[in-house]
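Report on the following structure.
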Amino acid sequence: MLKMIDVLEQSLVQNFTHSLNTHTSQFDELFNQGILNASDSALQKAVVSFFNRADAIESAQALDISAERIQALKAGTALKDDQYLADTAKIVALCLALETDALTQLEISDCLQDFPV
């Protein structure tokens, strides 16, 4: 199974965790550029690997990705196309968050404690 941390540049992965707490639009641009610079085949394998998880469809739906787009992402085609890049970025970010255990490092406001993460 190919991990997303193996697909993207190391500096992008290292900055990912930090960016979760100090979100900037500049990082969004770097993140999208990192996806565009990634090997097509490696990115495709990592996304397909994500969708092999038992909870992948539910996770993608929770990220507000439509069923039609989920099918396109599962197929692994057009991951870098303009119309799918935002959805690809959501999947990549979730994979990175899971692989780096970044979700446990997030500071969650008390008012959101009852919502599942």
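Annotations for the structure displayed:
- Residue-count net charge about Leu96 - beta-carbon cut-off 13 Å; Lys, Arg +1, Asp, Glu -1: -2
- When peptides 75-85, 89-99, 33-43 are sorted by average Cβ neighbour count within 10 Å, with the highest value leading, the order is 89-99, 33-43, 75-85.
- Here the 3J(HN,Hα) profile of the range 32-46, calculated from phi with Karplus coefficients 6.51, -1.76 and 1.60 at θ = phi - 60°, is 4, 5, x, 5, 5, 7, 5, 4, 4, 5, 5, 5, 4, 4, 5 Hz, Gly and Pro shown as x.
Laboratory data are not the source of any read-out in this text; all were calculated from the coordinates shown. In this text, all values refer to a predicted model and were calculated from it rather than measured experimentally. Note that we place each Cβ from the backbone using ideal geometry, even for glycine, and neighbour counts take in every protein chain shown.
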